[in-house]
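I have placed the structure first, in the form of structure tokens, so that the comments after it can refer back to it.
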Amino acid sequence: MERTKPFFSIVMPLYNKRNHVKKTIESAFAQTFQGFEVVVINDGSTDDSAAVVETIEDTRIRLIHQENAGVSAARNRGIKEANADYIVFLDADDLWSPEFLQIIKNLIDDYPGAGIYATAYKLLNSKGVYESISNKGLLSASFTGLLPSYFKLKSNNVNLVWTSAACVPKNVFFENNIWFPEGVKYYEDVYVWARIALIKDVAYSASDCALYSLEAENSTRDAMSVIVKPSDVLISLRSYVVDSKDLELKKWLNRYVDRHIYNCITRSINAGNKRNAIKTLTNHHVYSGFFIYSLVKILTPVFVMNFLRLIKRRIRRRSN
């Protein structure tokens with residue numbers, strides 16, 4: 001008997017997540033929308049992560065082994081192995097609430113031409129409690145629809161697409177030759193969302209039905225917080241709008257890249273490495289506003305910056 005083609009292929013890179021992968025897969029099986037397969041790419045795990053997956057008896061799981069090549073290579077392999085027309089990504093230490101896939105399906109039905117379908121998500125804070133991300137730049141807290149300007153929102157630090165809360169039509173990757181850049185350790189997913197957003201609409205729901213993360217053994221979240229060198233792949237995005245006649249798109253894409261550079265400068269300063277901050281500022285062209293903000297931070301004594309951050313945190317606590 002011929003098997004029914006799944007609506008979604010859930011692509012899950014797996015590398016040393018034995019303590020989390022079972023719970024993650026269970027959150028997929030608990031979905032109210034059940035038309036999916038799970039494609040697990042074991043990226044050369046050195047623990048028994050793959051063995052844990054093999055204990056789960058469900059024909060919808062396919063476990064594929066490869067030598068360790070990094071998360072981008074694993075995701076690319078998963079996309080190519082997928083049977084469905086829509087690829088949903090789920091890292092092996094994250095979770096979905098039961099309605100996640102149904103909300104994505106609703107977005108696809110309502111906005112069939114989009115290139116990315118995504119929802120809001122929650123972050124695990126230092127106290128072990130999940131908190132909703134801030135997306136104040138959206139039209140409303142209950143926003144559902146096509147984002148009016150992906151790069152304008154991102155340039156204003158609005159949290160939007162995150163890997164374990166995103167879906168992309170499979171043909172978008174193949175027809176546009178857009179793939180996760182292999183050998184790149186950070187921002188590889190952010191680069192892909194930006195590439196797609198340059199040519200396609202982004203459909204978004206402010207419902208936070210994905211959870212990041214379970215404080216996994218090899219989570220990159222903490223490492224990302226101290227990155228001070230601008231990402232080459234994000235800088236390269238400028239080349240895609242050099243000849244664009246869409247001046248608004250060009251403006252906000254460049255501002256988006258500027259924001260990334262500015263954030264790296266800020267992290268350098270916060271880490272006490274003003275020399276690197278100065279080097280980054282002088283080596284990269286950034287929007288005048290970010291240039292001034294960066295210069296002020298560089299020239300302001302560290303103790304003054306620490307005092308201002310303390311005041312800012314207290315004001316934020318009172319407002320909450």
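Observations on the structure shown:
- Calculated from backbone phi, Karplus (6.51, -1.76, 1.60) coupling profile of the range 7-16 in Hz, x at Gly/Pro: 6, 10, 10, 8, 9, 10, x, 10, 8, 6
- The charge dipole of the chain, taken about its Cα centre with unit charges on the Cβ atoms of Lys, Arg (+1), Asp and Glu (-1) only, comes to about 2040 debye.
- Taking the number of Cβ atoms within 10 Å of each Cβ as an exposure proxy, the fewest-first ranking of Thr32, Thr280, Thr144 is Thr32, Thr144, Thr280.
- For Phe8, distant residues with modelled amide H under 5 Å away: Phe36, Glu37
- Computed from the Cβ-Cβ distance with R0 of 45 Å, the FRET efficiency linking Arg3 to Ala141 stands at 0.65.
- Pair Val242, Thr282: separation of 7 Å Cα→Cβ label points (nm): 2.6 nm
- Mean separation of Cα contacts under 8 Å, 6 or more apart, over the residue count of the chain: relative contact order %: 18 percent
- Selection from Ala141, Ile41, Val53 lying farthest towards where the dipole of the range 1-146 points positive, charges on Cβ: Ala141
- Positive minus negative residues near Ala203 (Lys, Arg vs Asp, Glu; Cβ under 15 Å): -1
- Taking the Cα centre of the range 232-319 as origin and assigning +1 to Lys and Arg Cβ atoms and -1 to Asp and Glu Cβ atoms, the resulting dipole is close to 740 debye.
- Fluctuation leader among Val233, Val202, Val11 - the chain, Gaussian network, Cα springs under 10 angstrom: Val233
- GNM top mover of Asn276, Asn176, Asn159 - the chain, alpha-carbon springs below 10 Å: Asn176
- The GluC sites (Glu not before Pro) of the range 148-193 that DSSP puts in a loop, and whose beta carbon has at most 14 other beta carbons within 10 Å, are Glu182.
- Ascending count of other beta-carbon atoms within 10 Å, so fewest first, for Arg62, Arg267, Arg195, Arg75: Arg62, Arg267, Arg195, Arg75
- Nonlocal amide H pairs with Arg18, under 5 Å, H built at 1.01 Å: Ser49
- Backbone HN-Hα couplings from phi across the range 246-252 [Karplus 6.51/-1.76/1.60, Hz, Gly and Pro as x]: 7, 5, 5, 4, 4, 4, 7
- Choice from Ala69, Ala120, Ala210 with maximal GNM fluctuation in the chain (Cα, 10 Å cutoff): Ala69
- With a Förster radius of 30 Å applied to the beta-carbon distance between Gln34 and Arg314, the computed FRET efficiency rounds to 0.05.
- What you get for the range 45-183, charging only the Cβ of Lys and Arg (+1) and of Asp and Glu (-1), is a dipole of about 660 debye around the Cα centre.
- Once the Cβ-Cβ distance of Asn68 and Lys22 is raised to the sixth power relative to R0 = 25 Å, the FRET efficiency obtained is 0.75.
- Antiparallel bridges, percent of DSSP beta bridges restricted to the range 8-217 (to nearest 5): 35 percent
- Positive dipole terminus of the range 232-319, leading residue within His285, Ile311, Asn273 (C-beta point charges): Ile311
- Burial ordering of His20, His284, fewest other beta-carbon atoms within 10 Å first: His284, His20
- Extending 7 Å from the Cα toward the beta-carbon at both Lys170 and Thr46 defines two label points whose distance is 3.4 nm.
- Per-residue ellipticity at 222 nm from helix content only, as computed over the chain with -39500 (n - 2.57) for each DSSP H run of at least four residues, stands at -12000 deg cm²/dmol.
- Using only alpha-carbon positions in the chain, the gyration tensor eigenvalues give semi-axes of 34, 23, 20 Å once each is multiplied by 5 and square-rooted (largest first).
- Gained length - Glu182 relative to Lys251, 0.36 nm times residue gap less alpha-carbon distance: 22.0 nm
- Length released on extending from Val296 to Ser149, taking residue separation times 0.36 nm less the Cα-Cα span: 50.0 nm
- Stretching the chain fully between Val158 and Glu99 yields a gain of 18.9 nm (0.36 nm per residue, less the alpha carbon separation).
No lab work stands behind these numbers, since they all come straight from the coordinates. Quick caveat: nothing in here was measured; it's all calculated off a predicted structure. A quick note on method: Cβ atoms are made from the backbone with ideal geometry, for glycine too, and the neighbour counts reach across all protein chains shown.
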